[in-house]
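J.: Before I ask anything, here is the structure I am working with.
The values are calculated or read from the model by the stated rules, or taken from the named source; none is laboratory data. Computed from a predicted model, the values in this text were never measured in an experiment. Glycine gets a Cβ as well: all are built from the backbone with ideal geometry, and neighbour counts include every protein chain shown. SASA here: full protein model, heavy atoms, side chains in, ligands and nucleic acids out. Shrake-Rupley method; radii C 1.70, N 1.55, O 1.52, S 1.80 Å.
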Amino acid sequence: MSYIKKSPWLVHYDGSSCNGCDIEVLACLTPLYDVERFGIVNTGNPKHADIFLVTGGVNAQNLPVVKQIYEQMPEPKVVIAVGACACTGGVFHDCYNMIGGMDKAIPVDVYVPGCAARPEAIIDGVVKGLAVLEEKQKAVAVLAERAEEERETVLEPTVAMHKQQEAKK
Amino acid sequence: MGKSTVVPFGPQHPVLPEPIHLDLELQDEKVVKAIPSIGYIHRGLEKLVEKRGFQEYVYIAERVCGICSFGHGWGYSKAIEGLMEIEVPRRAEYLRTIWHELSRLHSHLLWVGLGADALGFESLFMHAWRLRETILDMIEQTTGGRVIFSVCKVGGVRRDISDHDLKEIVSRLEKLKKEIDGLTALILNDETIHARLKGVGTVSFEDAKALGCVGPTARASGVPLDYRCGDEGGAYKELGFKPVTDTAGDCFARCKVRLLELYQAIDLIKGCVENMPAGEIAVPVKGFPPAAEYFTRVEQPRGEAVYYVKGNKTKNLERFRLRTPTNANLAVLVKMLQGCDLADVPNIILTIDPCISCCER
Ligand code: SF4
């Protein structure tokens, strides 16, 4: 059974990159590649997003912003690092104010290599990200099922028992 | 008049592909003051010349910005060539001009799309980006890359374009021109676009000059500032070149200037193909940059970019400095935002065509 119930929405942020990968991310949304036909929508609001597409090696000033966007996204969420500089720091790895790679700022699930990453590669990354999202949603669903079970087998009988005892008094 | 409120705009904002932060001080719906703060994409690329060899640095220069990447590679190479007194073959200059104008086409079409998106005209965004893909195809066919080409090097270019490919570029541009006609007619005659852009964010000729704005932003206010008509390399001098200008200085004028520049770029590429000289595409580079300095300019899609280099007889340069067009245009942006409506803020920001990665390096 698929645990993904709705089309995945993504939020995109430029975490100190050169912009090359950012325009390729946007190119994915436009007629030649057109990921919107799969229901993937680029949203501006992190609170609506399931997937965080992020580029760049993050500098000191951008670090809190990247973290904040990540924290604002509801669970389950997937982070896709797009481009060589988001994966490892890339050409900017020894710049003085770059932390060198997105995974030093937030947990990354999928890495898309390339400088600049090609739209095909980005779409491939998103598809891989969907598998991760599915796993994470499954984990959340299993937890929810367990909680439900617990409610049925432990919580409700206890409450019923208490009520009976109250009534007897 | 009520109390003023401060609305933060950015760094993460749907209309901005790149992070910049503005504090907008509002009185009701009117912006009374806009305070920009930058630094979200500062990577310290200028400092990197101390760690990379001067020939290797061309790749870094290209990654200053992914949209005008070729121009930055060219500007840096040109500065080094000037410093080391290297004579670049004519054919290489013509090839560089072709690639530079192709980047201008893709950059302007990209801008049309983003500008339309800021207006809420989503289908125009899609349309413009569809046209842009044909340019990217040509770039990919001739260089192998889509946004970062890496064909420019110190002393010339890395790849030649065959006669067959040159002819194909011209025939494809002819076709594209017809489609751009449709796009231009749509934008210049659409009531809604007129209502949103005309008379909004106006910059007078005097302000444009005093605040030092560059590129299409300056040209839309009647300042005929375009370094392609100067003595700044490439094939522009031989092709004869006149900058596109307008006098209104509002968002609509800036839009119009960019649209007309699309046609101009197509004509320039055709001129290059017709007059393409034969010969070498690069000369070998020997030795290290001397202990001297050099300064040059390139007209990027967004305006004039200034390159300064200083050598010290070693493999690494001592200093590289780059002043980018967005940097120059931020001052005028702050001026434009004073007194505008909150709803017009995205339009106004987009019409200076901000490129924050360039601006902060
Ligand atoms: S990976 Fe390369 S092209 Fe992509 S943002 Fe980083 S430097 Fe630019």
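J.: Of the residues A:Val154, A:Val140, A:Val54, which exhibits the maximal mean-square fluctuation in a Gaussian network model of chain A defined by a 10 Å Cα contact cut-off?
T.: Looking only at A:Val154, A:Val140, A:Val54, the largest GNM fluctuation is found for A:Val154.
J.: Using only Cα atoms, find the angle between the long axis of helix A:63-72 and the longest principal axis of chain A, and express it within 0 to 90 degrees, rounded to the nearest 10.
T.: Approximately 40 degrees, to the nearest 10.
J.: On to the next question. Just to be sure I understand: with springs between alpha-carbon atoms less than 10 Å apart, which residue in B:Asp226, B:Asp250, B:Asp207 has the highest mean-square fluctuation in the Gaussian network model of chain B?
T.: The residue that fluctuates most here is B:Asp207.
J.: Kindly work out what percent of the DSSP beta bridges joining two residues of the protein assembly as shown are antiparallel, to the nearest 5.
T.: 65 percent
J.: Could you do me a favour and compute the accessible area per residue for the stretch A:9-142, 1.4 Å probe, result in Å²?
T.: With all protein chains present, the stretch A:9-142 gives 36 Å² per residue.
J.: Once amide H atoms are built 1.01 Å from N in the peptide plane, which residues 5 or more positions from A:Cys115, or in another chain, come under 5 Å H to H?
T.: For A:Cys115, the qualifying residues are A:Ala84.
J.: Suppose every K and R has +1 on its Cβ and every D and E has -1 on its Cβ; what is the size of the dipole of the protein assembly as shown about the Cα centre, in Debye to the nearest 20?
T.: Dipole size: approximately 840 debye.
J.: Ordered by residue, what ³J(HN,Hα) values in Hz, to whole numbers, does the stretch A:11-19 give under the Karplus form 6.51 cos²θ - 1.76 cosθ + 1.60, where θ = phi - 60° and Gly and Pro are x?
T.: Result, ordered by residue: 10, 10, 9, 9, x, 6, 10, 8, 5 Hz.
J.: Give, rounded to the nearest 20 debye, the magnitude of the charge dipole that the stretch B:86-229 has about its Cα centre when Lys and Arg contribute +1 at Cβ and Asp and Glu contribute -1 at Cβ.
T.: 320 debye
J.: Let me check the size of the stretch B:1-105 from its C-alpha atoms; what are the radius of gyration and Dmax in Å?
T.: Every Cα atom of the stretch B:1-105 included, Rg and Dmax give 20.4, 65 Å.
J.: Give, rounded to the nearest 20 debye, the magnitude of the charge dipole that chain B has about its Cα centre when Lys and Arg contribute +1 at Cβ and Asp and Glu contribute -1 at Cβ.
T.: Dipole about the Cα centre, nearest 20: 900 debye.
J.: Still on this structure, please answer the following. Choose one answer from B:Asn347, B:Asn189, B:Asn316: the residue with the largest mean-square fluctuation in a GNM of chain B with alpha-carbon springs under 10 Å.
T.: Between B:Asn347, B:Asn189, B:Asn316, it is B:Asn189 that shows the largest mean-square fluctuation.
J.: How big is the B/A interface in buried accessible area, both sides summed, 1.4 Å probe, to the nearest 100 Å²?
T.: 3100 Å²
J.: Rg and Dmax of the stretch B:163-322, Cα atoms, in Å?
T.: Cα only, the stretch B:163-322: 19.7, 60 Å (Rg, Dmax).
J.: Please report Rg over Rh for the stretch A:1-52, where both radii come from the alpha carbon positions and Rh follows the Kirkwood definition.
T.: With Rg and the Kirkwood Rh in hand, the quotient comes to 1.02.
J.: Check cross-link reach from A:Lys47 to the lysines: straight Cα distance under 19 Å, and skip same-chain residues fewer than eight apart.
T.: Candidates past the 8-residue exclusion: A:Lys5, A:Lys6, A:Lys67, A:Lys77, A:Lys136.
J.: Separate question: Compute the normalised compactness of the stretch B:40-339: alpha-carbon radius of gyration over 2.2 N^0.38 Å, N being the residue count.
T.: 1.00
J.: While we're here: Compute accessible area for the stretch B:1-25 by itself and then with all protein chains, 1.4 Å probe, and report residues whose area falls by 10 Å² or more.
T.: B:Pro11, B:Gln12, B:Pro14, B:Pro17, B:Glu18, B:Pro19
J.: Could you calculate the contour length gain from A:Gln68 to A:Lys169, that is, 0.36 nm times the residue separation minus the distance between their Cα atoms, to one decimal place in nm?
T.: Taking A:Gln68 through A:Lys169 to full extension adds about 31.0 nm, to one decimal.
J.: Can you compute the helix-only [θ] at 222 nm over chain B? Use -39500 (n - 2.57) per DSSP H run of at least 4 residues, normalise by all residues, nearest 500 deg cm²/dmol.
T.: For chain B, the value works out to -15000 deg cm²/dmol.
J.: Another question, if that's okay. Using the Cα centre of the stretch B:230-361 as origin and beta-carbon charges of +1 (Lys, Arg) and -1 (Asp, Glu), tell me which of B:Leu239, B:Val298, B:Gly311 is placed farthest towards the positive end of the dipole.
T.: Ranked along the dipole, the leading option is B:Gly311.
J.: Further question on the same structure: Roughly how far apart, in whole Å, are the Cα centres of the stretch A:1-73 and the stretch B:132-160?
T.: Using only Cα atoms, the two centres lie 27 Å from each other.
J.: Ignoring solvent entirely, what values of log10 I(q)/I(0) come out of the Debye formula for the protein assembly as shown at 0.05, 0.08, 0.09, 0.13 Å⁻¹ when each Cα is a single scatterer?
T.: At q = 0.05, 0.08, 0.09, 0.13 Å⁻¹ the computed log10 ratios are -0.22, -0.53, -0.66, -1.34.
J.: Next up: Residues of the stretch B:217-307: accessible area per residue at 1.4 Å, in Å²?
T.: 39 Å²
J.: Then there's this: Rounded to the nearest 0.05, what FRET efficiency do B:Thr314 and A:Glu150 have when you use their Cβ-Cβ distance and R0 = 56 Å?
T.: Working from the Cβ atoms, E equals 0.20.
J.: Report the Cα-based extents of the stretch A:9-142 along its three principal axes, largest first, to the nearest Å.
T.: That gives 43, 35, 22 Å along the principal axes, largest extent first.
J.: From the phi of every residue in the stretch B:223-228, what ³J(HN,Hα) in whole Hz does the Karplus formula 6.51 cos²θ - 1.76 cosθ + 1.60 yield, where θ is phi - 60° and glycine or proline is x?
T.: 8, x, 9, 8, 6, 6
J.: Would you list the membrane-span-like helices of chain B, meaning whole DSSP H runs whose alpha-carbon atoms span at least 30 Å along their axis and whose mean Kyte-Doolittle value is at least 0.5?
T.: For chain B, where a helix must reach 30 Å along its axis and average at least 0.5, the hits are B:251-274.
J.: Right, another one. Karplus couplings for the stretch B:238-247 from phi (6.51 cos²θ - 1.76 cosθ + 1.60, θ = phi - 60°), rounded to Hz, Gly and Pro as x?
T.: 5, 7, x, 9, 10, x, 7, 10, 9, 10
J.: Additional query: Any chance you could get the radius of gyration and Dmax over the Cα atoms of the stretch B:94-246, in Å?
T.: Rg and Dmax of the stretch B:94-246, Cα atoms, are 17.5, 50 Å.
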